[in-house]
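I have placed the structure first, in the form of structure tokens, so that the comments after it can refer back to it.
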Amino acid sequence: MTISNQTIRQVVRVSVGGDRLRVVLSNAFGTAPVDIGAGHVALRDRDSMVTAGSVKPLTFSGSATGRILPGATVVSDVVELAVPPLSDLVVDLYLPGDLGVGLSPVTTHNGASQTNYLSATGNHSGEAAMTVERTAGAWFLLSRVEMAAGREAGAVVTFGDSITDGARSTTDMNSRWPDYLARRLAARKGPAIGVLNAGISGNQVLGDGAGVSALARFDRDVLMHTGVTHVIIMEGINDIGLARTNPNPSAADLIAGHKQLIERARARGLKVYGATLTPFEGAAYWTAEGEVKRQALNEWIRTSKAYDAVIDFDQVTRDPAAPTKFLPAYDSGDHLHPGDAGYKAMGEAVDLKLF
């Protein structure tokens, strides 16, 4: 997808509310600067419409325009806007140049399970009813939205692959398992706990492919986030599946990778929880050899006491009559990813006392 002299309207769901926020943009994988001609933030009404009176301009170091250098991030100035918990927020970016036309990679999160909107030619940032030329199921340049939620607030990063990303969940319904966890935390009394979804479809512990490896991205996607107190790690099914019958990487290799993530999280004072890998027999890359590795990794997560706690998603989602497969009611149909009901069961299985 290319964007040239157009405005991209992107929708994100915030987990905790507040009356001040800032937007963080990223050109992490770009090799050329990206210019921001204008930006706005607003509460969403419906579809591509924004709520009247909620539109606020974004500024960057006091300027209405900004430039994201290659490999860099840009943090907006603080915006005063009352945002209720679990709200849909709209972030508009007018991009006067050509994004995705040249050789520079575009920093993108594909498979967003969220409809975003691309305008007709020109600067339409902040318009209540933007003229939409086409839609996109991805986020562009948008790293995160940070809410000012009070000194006692914290945040949990859900770090994983497509199953954390919410692949095959219903688009625009916020039915990923971290979304269900966010709803439960928002309904609970006590200090606010935000949920930051750092799932990337296709991600691996040890290998690059759909995004860089978990080991390579852990600092940027977990440790550098503001206010993080906890992390849930669910990684390894793609390393196992893509290897098929190859003995490498072994379960021991994956365990060593998990140990590295644990040590790095603890060095920053985070509580770190391990989630077992869900069943995948019947998936396109399932093999008997891969199943042995999954069982070995899960057994280590459950029994080694390396993690501060275990969230047993395998136990929650498997079919008791065929434990290497999903319970049919939880299977999206590809035998690798849960459907909405499976994601709901996962999100509801997390013990809130861990936070």
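For the range 213-257, what are the residues that are in a loop (DSSP other than H, G, I, E, B), open to solvent by 40 Å² or more (accessible area, probe 1.4 Å) and under 22 Å from G71 (Cβ atoms)?
Pass one, the range 213-257, residues in a loop (DSSP other than H, G, I, E, B): 213, 224-227, 235-236, 244-250.
From what's left, open to solvent by 40 Å² or more (accessible area, probe 1.4 Å): 224, 226-227, 244-248.
Selection gives M224, T226.
Please specify each residue of the range 152-184 satisfying the condition of being modelled with pLDDT of 95 or more, among the small types (G, A, S) and not in a helix (DSSP H, G or I). Please lay out each step first, then the result.
Quick first cut of the range 152-184, residues modelled with pLDDT of 95 or more only: 154-184.
Adding the requirement that they be among the small types (G, A, S) leaves 154-155, 160, 162, 166-167, 169, 175, 182.
Once the filter is applied, which keeps residues that are modelled with pLDDT of 95 or more, among the small types (G, A, S) and not in a helix (DSSP H, G or I), the range 152-184 yields G154, A155, G160, G166, A167, S169, S175.
Only one of these conditions is not met by G209: (1) more than 22 Å from A349 (Cβ to Cβ); (2) at pLDDT 95 or above. Which number is it?
So G209 meets the others, but not (2).
Does A187 count as out of contact with any Ser or Thr (no Cβ under 7 Å at 6 or more places or on another chain), aliphatic (A, V, I, L, M), open to solvent by 20 Å² or more (accessible area, probe 1.4 Å) and modelled with pLDDT of 95 or more? Let's see the steps before the verdict.
Values: out of contact with any Ser or Thr (no Cβ under 7 Å at 6 or more places or on another chain): yes; aliphatic (A, V, I, L, M): yes; open to solvent by 20 Å² or more (accessible area, probe 1.4 Å): yes; modelled with pLDDT of 95 or more: yes.
Against the criterion (out of contact with any Ser or Thr (no Cβ under 7 Å at 6 or more places or on another chain), aliphatic (A, V, I, L, M), open to solvent by 20 Å² or more (accessible area, probe 1.4 Å) and modelled with pLDDT of 95 or more), A187 qualifies.
Can we say W300 is among the aromatic types (F, W, Y), under 30 Å from M173 (Cα atoms) and surrounded by fewer than 22 Cβ atoms within 10 Å (Cβ to Cβ)?
no
From the list E127, E133, E152, which residue is crowded, with 16+ Cβ neighbours inside 10 Å, more than 20 Å from the chain's Cα centre (by Cα) and at negative phi?
Values: E133 fails: crowded, with 16+ Cβ neighbours inside 10 Å; E152 fails: crowded, with 16+ Cβ neighbours inside 10 Å.
Going through E127, E133, E152 in turn, just one is crowded, with 16+ Cβ neighbours inside 10 Å, more than 20 Å from the chain's Cα centre (by Cα) and at negative phi: E127.
Whether any residue in the range 311-327 is part of a helix (DSSP H, G or I), surrounded by 16 or more Cβ atoms within 10 Å (Cβ to Cβ) and of a type in the set (A, V, I, L, M) is what I want to check.
So the first thing to find is which residues in the range 311-327 are part of a helix (DSSP H, G or I), and the list is 313-317.
This time we only want the ones that are surrounded by 16 or more Cβ atoms within 10 Å (Cβ to Cβ), so: 313-314, 316-317.
With of a type in the set (A, V, I, L, M) added as a condition, the list becomes 316.
The answer is yes; a qualifying residue exists.
Quick check on my filter: what residues within the range 331-355 are buried (at least 22 other Cβ atoms within 10 Å of the Cβ) and hydroxyl-bearing (S, T, Y)?
Result: Y343, single match.
Name the single residue, out of those in the range 258-296 being within 21 Å of the chain's Cα centre (by Cα) and part of a loop (DSSP other than H, G, I, E, B), that is surrounded by the fewest Cβ atoms within 10 Å (Cβ to Cβ).
This residue is R268.
If A52 meets every condition in (1) at pLDDT 95 or above; (2) out of contact with any Pro (no Cβ under 6 Å at 6 or more places or on another chain) apart from one, which number is that one?
Among (1) at pLDDT 95 or above; (2) out of contact with any Pro (no Cβ under 6 Å at 6 or more places or on another chain), A52 violates only (1).
Can you run down the residue pairs with Cβ atoms below 8 Å, 6 or more apart or on separate chains, where the first is in the range 339-354 and touching a residue at least 40 places away in the same chain (Cβ under 8 Å) and of a type in the set (K, R) and the partner is surrounded by 17 or more Cβ atoms within 10 Å (Cβ to Cβ) and part of a helix (DSSP H, G or I)?
Once the first residue is touching a residue at least 40 places away in the same chain (Cβ under 8 Å) and of a type in the set (K, R) and sits in the range 339-354, its partners that are surrounded by 17 or more Cβ atoms within 10 Å (Cβ to Cβ) and part of a helix (DSSP H, G or I) give K344/W177; K344/Y180.
The values are calculated or read from the model by the stated rules, or taken from the named source; none is laboratory data. Small disclaimer: the values here were computed from a predicted structure and weren't measured. Because the Cβ atoms are built from the backbone with ideal geometry, glycine has one as well, and the counts that use them run over all protein chains shown. With ligands, DNA and RNA removed, areas are computed over all heavy atoms of the protein, side chains included. Shrake-Rupley method; radii C 1.70, N 1.55, O 1.52, S 1.80 Å.
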